[in-house]
Amino acid sequence: MTTRLWLITGLILLAVNLRAAITGTSPLIGDLRQALALSGTQVSMLATLPVLCLGAFAWLAPRLARRFGTQAAVCAALWVLALGAAVRAVPWPTALFVGTVLSGAGIAVGNVLLPALVKDHFSRRIGLFTGLTMTVMAVSGALAAGAAVPLADATGWQFALAVWAVPAVLAAGVWGLLAAPGADGRHRRTPPAAPTSAGGSLLRCALAWWVSAFLGLVSLMFYALVAWLPQIMDARGYTPGQAGLMMSVMLTVGIPLGFVVPLAAARMRGQRLLVVAVTATKLLSLAGLLLAPAFGWAWVCLLGAATGSAFPLAMTLLGLRADGPQTAAALSGMAQTIGYLLAGLGPLAIGVLHDVTDGWRIPLAVLVALVVPEAIAGLLAARPGHVRPGSHRDAPSKHKRTAARADDRLVRL
């Protein structure tokens, strides 16, 4: 097998592991609460902890890549994820939370380095390979959500949690081969930190902040819905089985869009039309769940289209707004650190609002309101151009730079 095929295989296996361990847990919360005698606070923390870990550990990824090489960092992250999935199966509350942290840490590093890998190895096919990985993530997430309860019924909740160590081990093996010196004719290693690869320098770049805010609000919405949609639909009059199926449908509907949207985004100079379409669909579907729950299946399908487009669009922007793999890793690290720490508030805040108001109308109204800042951040993040570390102004796009050089020549003439 050629190095390029190994890289594609590695990307696919990495993508398999970046969502399933999270979406495969929420349908089992009832079983976990009963088996481990978890309190309501512990259940809310269990729903929030994975997303908080995505933010808390994302900053490590660019540093690990610069120190050990991108492939080695991905390999190590997958081993940590596999260990976390296995630890979660131990029937002890502390083990459940420790394993969740380990899994979240592994997923966080993989999330950050995925756009950098695409930018580095497939820079001329960013849309195609971002779409491919987003599609695989969506498929694995939907399968994990749909299979969680049947697996738990057939084999017990421990196996249903631990089974996700298997694809992590397989992926770690592939990336271990790719990380070996000379595996592709050279030891793939990110160059030492340069000005463009220092994540902290992006903190002065407005465009980097808008990309981070958009990713954060998109992720907040997604993980809040993953954590609570079954309970919301259960309270709206649907059976527990229907409510669980609705979440699987929401994840499944977005699968083809996860491939199409990055392809379309990569062909556009600016992605504002996509932002408008995604946020308008999200606003309509959430308002429908709030005001007309009798049409729940229609709203869930629309919501799946919106969430299934929003996250791939945000991830594609990480590559499109960067001018090289080091900047892509730095932007990805910044955006996912800030974004997922913001997103981590979603499941917890929605759960607390539900407990305080004893219903889902106020939490749903809050989600509706959050679409507005998501749209604003997305429109500003979708402007053509590249992030420029250490500057309040954004680097112009290639088209604008060419025009500027032409203007300079005219002035000299």
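The values are calculated or read from the model by the stated rules, or taken from the named source; none is laboratory data. Everything quoted here is computed from the prediction, not taken from an experiment. Note: ideal-geometry Cβ built from the backbone for every residue, glycine included; neighbour counts use all protein chains shown. Surface accessibility is based on the protein's heavy atoms, side chains included, excluding ligands, DNA and RNA. Shrake-Rupley method; radii C 1.70, N 1.55, O 1.52, S 1.80 Å.
Restricting attention to region 331-366, the residues that are closer than 18 Å to Asp234 by Cα, assigned to a helix (DSSP H, G or I) and touching a residue at least 60 places away in the same chain (Cβ under 8 Å) add up to 10. For region 284-306, the count of residues that are of a type in the set (Ser, Thr, Tyr), over 16 Å from Val112 (Cα atoms) and assigned to a helix (DSSP H, G or I) is at least one. The number of residues in region 228-253 that are more than 20 Å from the chain's Cα centre (by Cα) and either within 24 Å of Thr48 (Cβ to Cβ) or of a type outside the set (Gly, Ala, Ser) (or both) comes to 15.
Only one of Trp164, Trp157, Trp175 is aromatic (Phe, Trp, Tyr), open to solvent by 10 Å² or more (accessible area, probe 1.4 Å) and within 21 Å of the chain's Cα centre (by Cα). Can you tell me which? Quick ask: steps written out before the conclusion?
Working: Trp157 fails: within 21 Å of the chain's Cα centre (by Cα); Trp175 fails: open to solvent by 10 Å² or more (accessible area, probe 1.4 Å).
Exactly one of Trp164, Trp157, Trp175 is aromatic (Phe, Trp, Tyr), open to solvent by 10 Å² or more (accessible area, probe 1.4 Å) and within 21 Å of the chain's Cα centre (by Cα), namely Trp164.
Suppose we filter region 288-339 for residues that are within 14 Å of the chain's Cα centre (by Cα), of a type in the set (Ser, Thr, Tyr) and closer than 24 Å to Leu263 by Cα; how many remain? Here the count works out to 4.
Taking helices (runs of 4 or more DSSP H) that fall entirely within region 5-69, which contain at least 2 residues that are of a type in the set (Gly, Ala, Ser) and buried (at least 18 other Cβ atoms within 10 Å of the Cβ)? Walk me through how you get there before you give the answer.
Details: elements: 20-23, 29-36, 40-56, 60-68.
Counting at least 2 such residues, we get 20-23, 40-56, 60-68.
Among the residues of region 245-253, is there at least one that is at positive phi and either open to solvent by 50 Å² or more (accessible area, probe 1.4 Å) or in a helix (DSSP H, G or I) (or both)? Among the residues of region 245-253, not one is at positive phi and either open to solvent by 50 Å² or more (accessible area, probe 1.4 Å) or in a helix (DSSP H, G or I) (or both), which makes the answer no.
Looking across region 249-292, the residues that are hydroxyl-bearing (Ser, Thr, Tyr) and touching a residue at least 24 places away in the same chain (Cβ under 8 Å) come down to Thr252, Thr279, Thr281.
Within region 108-136, being at pLDDT 85 or above and closer than 21 Å to Met246 by Cα holds for one residue alone: Val136. The set of residues in region 141-154 that are buried (at least 19 other Cβ atoms within 10 Å of the Cβ) and either modelled with pLDDT of 85 or more or touching a Lys or Arg at 6+ places or on another chain (Cβ under 6 Å) (or both) comprises Gly141, Ala144, Leu151, Ala152. Residue-level analysis places Val90 among those that are out of contact with any Pro (no Cβ under 7 Å at 6 or more places or on another chain) and not in a helix (DSSP H, G or I). Whether any residue in region 71-85 is farther than 19 Å from Leu342 by Cα, open to solvent by 10 Å² or more (accessible area, probe 1.4 Å) and among the polar types (S, T, N, Q) is what I want to check. Looking for residues that are farther than 19 Å from Leu342 by Cα, open to solvent by 10 Å² or more (accessible area, probe 1.4 Å) and among the polar types (S, T, N, Q), one finds none in region 71-85, hence no.
When each of Val275, Val226 is tested for being part of a helix (DSSP H, G or I) and either at pLDDT 90 or above or over 28 Å from Val118 (Cβ atoms) (or both), the lone residue that passes is Val275.
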